[in-house]
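Beneath this line is the structure, given in structure tokens, with notes to follow.
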Amino acid sequence: MDSNITSNASVTTLFPFYSSQVSYVTDAINASHVNVSTDYPNTAQSLDFWIVKLVLYGVILLGSSVGNSLVIYIIVSNVRMRTASNYLIMNLALCDFVTPVFSIPFDFFLEEYNYIWMYGAAMCKILWPLTTMSSTSAALTLAAISLDRYRVIMHPFRPRLTMFKIKCIIAAVYVFSLLMVAPYSYVLILKGNECREIWPDISFKKYYTLGLFLVQYCMPLIFMVFMYSLALKNLYTSADKTSGQKAEQEQAAVSRKVSRTSTNSRSSAAEAEPKLKKVSSTVRLVRKFSSTVRRGKTEANKRATKMFMAIVGVFTICMFPNQALWLWADFYNEGQNPRFLNAVIICWLFTYANSVCNPVIYAVFSRDFRRGFKRAFRKAFCLHRYKNRQVYKTDMVETLTTELKCVASGETEKRKRKNATVQRPKLYLL
């Protein structure tokens, strides 16, 4: 490998555009023998691909910003939703909001202007590390959520994580993510019209690439799969045990009743029968109530666990293409492949789509979030109608006031004229 490749080494990060990726993409454009100018728009992409990319960028940016903002609003505005566990969901929504909002607009213009950096030296060291930190925090937050679900299901009688502990976990996630992106921000340098990573040695960039892959994708995924597998196994096992115990209890109650009636005399049985019926009915009601409560908690835990497993599944599918692409590019130096340019954009679209899917999953699996979304949309719609109604009322009041003033002034003039005509001339008696 020549010195140029070594000095402009790349890193794999879970999210968007990175300086070394700029180097790879520009090399891919040059290798494709396309006559690319630095004028807008980028002529290296076909018109159909450009239109599809533009539409998807717009839909993802709008959906992720609105959806995750609503998730944060629902948790903050509803007292019942301000639980310690939901604060982890709110932190995940914040990460999903930051990533596309700080990636799509900037990266789109970089793509259109053939990756010429136009945001200054400070943004070179801030923009991409910020989105990398956000995506790292999202992956670690998902792992923390799986741990919380494991504790709730496997140890239901132990104290839940307090708000203080959840805040400490979130703070630890951000501190660790910041430490992970610190080397990345350090090596980013604005060189000419490109924001590039300048590593002292190519082996450093490979170790860093592998480290980010493990922290952002591999290790959180293994941890989440392990936690949810144990939780689901415990849920279904406890449900089977509960149904079996209920059948045994009913059978034992019937046998006790039969033996009691057979041993007692007919007269004593007749006297005790009403009392036994009352006691047995009371016991039956208590058992039925406790069984219903237990079954309701089990079903709620199942729904919540399935919801988070769906989030993990979407995370696995959406994040894998980008991770695999940059491992392949960094370790096998395949960034100069002419097909690399479109592959990069497609992988980014997969990664950005993850931020849109999570609010949809909340709405599908969670009744509380579904009600919150409906309430928020209804409130926004009613507020719009209320404002229009208020404007209409104001206009009507102003119109009526003006008309009344006109009528009042007209009546005054009429009265003056009438008084003037009715007034008789004075008679002077000599």
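For segment 137-243, the fraction of C-alpha pairs more than 17 angstrom apart is 66%. Can you tell which of ILE153, SER85, ALA171 lies farthest toward the positive end of the dipole of segment 73-178, using +1 and -1 charges on the Cβ of basic and acidic side chains (Lys, Arg; Asp, Glu)? Result: ILE153.
Extension gain, ILE51 to ALA171, is 39.1 nm, computed as 0.36 nm per intervening residue step minus the present C-alpha separation. Dipole magnitude for segment 76-224: computed about the Cα centre from +1 point charges on Lys and Arg Cβ and -1 point charges on Asp and Glu Cβ, it is near 880 debye. Taking the Cα centroid of segment 47-94 and of segment 348-373, what is the distance between the two, rounded to the nearest whole Å? About 7 Å separates the Cα centre of segment 47-94 from the one of segment 348-373.
Expressed in Å, the radius of gyration and Dmax of the Cα atoms of segment 79-161 are 18.1, 59. Packing here is the average count of other Cβ atoms within 10 Å per residue, and on that basis the peptides 87-99, 106-118, highest first, run 87-99, 106-118. Take the Cβ atoms of ALA182 and LEU210, set R0 to 25 Å, and the FRET efficiency comes out at 0.90.
Once backbone amide H atoms are built at 1.01 Å from N, GLU194 has TRP117 as its partners under 5 Å, excluding neighbours fewer than 5 places away on the same chain.
Values quoted throughout were computed directly from the atomic coordinates according to the rules given, and no laboratory measurement underlies them. Fair warning: this is a prediction, and the values are worked out from it, not measured in the lab. Positions of Cβ are backbone-derived with ideal geometry, glycine not excepted, and every protein chain shown enters the neighbour counts.
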